[in-house]
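Student: Mind having a look at this structure? Questions to follow.
The values are calculated or read from the model by the stated rules, or taken from the named source; none is laboratory data. Nothing here was measured: the structure is a model prediction, and the numbers come from that model. Counting neighbours? That spans all protein chains shown, and the Cβs are built from the backbone with ideal geometry, glycine included.
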Amino acid sequence: MKNIFTILIASLAIFTTGCAPELGLKVAPPDVPSQLKEDKEKTPKAEAKPLMGVKVRVSPLLDGRSSDTIVVIDGRSIPSEGPVGVSAQAGLERQIREAGGRIAVLQSSTIEGEVVEWLAKVKPSFPLSDVSAKAKIKITVRDAQQKVLYRGTYGGEANKRDPFLGERDVQEALGDAMARAISAAVADEVMAQQLMSAGRK
């Protein structure tokens with residue numbers, strides 16, 4: 001009986017390991033989507049375009065993470081491949097446009113950003129494996145004369161469960177977490193007011 005129990009435990013461990021996502025030596029930062037549908041549905045229509053009329057330039061987002069690890073699975077740390085700021089900046093510019101703002105190239109108020117956290121933790125299991133992702137960004141708003149108008153820190157989280165969790169699912173969770181962090185920044189009324197005020201100067 002003891003031998004049967006030992007075999008069952010060993011088989012379950014092997015099966016659980018087999019359910020673990022196949023991840024490479026590095027994971028590329030994902031594309032950051034628009035505001036997530038479930039979050040957009042919760043936003044009152046009156047607040048759907050908080051940056052209407054705002055014109056702003058977005059500087060390249062910096063990588064301010066304490067580590068280049070972007071995924072942790074079974075105690076193994078996997079670094080990001082490529083600059084994380086590029087994906088985050090593209091997502092920020094996309095959501096600014098969706099919120100009614102315009103991206104400027106020439107002299108205007110400026111948004112500077114820094115990615116301070118972007119990490120997914122994967123827990124292989126049976127029958128479902130889990131991935132939980134977190135993202136955090138710091139935003140600084142400057143006027144055309146480079147005077148600091150506002151600073152804020154914004155975070156987002158996303159979770160996913162699936163019996164056949166793969167790298168695409170992990171990247172999707174990472175992208176959704178960053179999208180939520182950016183949505184929190186775009187929805188910040190004080191930041192919007194500062195940007196509008198700078199545009200009238």
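Student: Looking at (1) closer than 21 Å to Val190 by Cβ; (2) without any contact (Cβ under 8 Å) to a residue 60 or more places away in the chain; (3) assigned to a strand (DSSP E or B); (4) not small (Gly, Ala, Ser), can you tell me which one Lys138 breaks?
Tutor: (2)
Student: Another one. Hey, can you tell me all the residues within segment 151-163 that are in contact (Cβ under 8 Å) with a residue 24 or more places away in the chain, surrounded by fewer than 20 Cβ atoms within 10 Å (Cβ to Cβ) and assigned to a strand (DSSP E or B)?
Tutor: Within segment 151-163, Gly152, Thr153, Gly155, Glu157, Asn159, Lys160, Arg161, Asp162 qualify.
Student: For segment 164-172, indicate whether the set of residues that are within 14 Å of Gly91 (Cβ to Cβ), outside any strand (DSSP E or B), touching a residue at least 24 places away in the same chain (Cβ under 8 Å) and within 12 Å of the chain's Cα centre (by Cα) is non-empty.
Tutor: yes
Student: While we're here: Looking at this structure, is Ala198 assigned to a helix (DSSP H, G or I), buried (at least 22 other Cβ atoms within 10 Å of the Cβ), at pLDDT below 90 and touching a Ser or Thr at 6+ places or on another chain (Cβ under 9 Å)?
Tutor: yes
Student: All but one of (1) outside any loop (DSSP other than H, G, I, E, B); (2) modelled with pLDDT of 95 or more; (3) out of contact with any Ser or Thr (no Cβ under 9 Å at 6 or more places or on another chain) hold for Val71; which doesn't?
Tutor: Result: Val71 passes all but (3).
Student: In this structure, is Gln193 outside any strand (DSSP E or B) and either within 24 Å of Gly64 (Cα to Cα) or touching a strand residue (DSSP E or B) at 6+ places or on another chain (Cβ under 6 Å) (or both)?
Tutor: So Gln193 fails the test.
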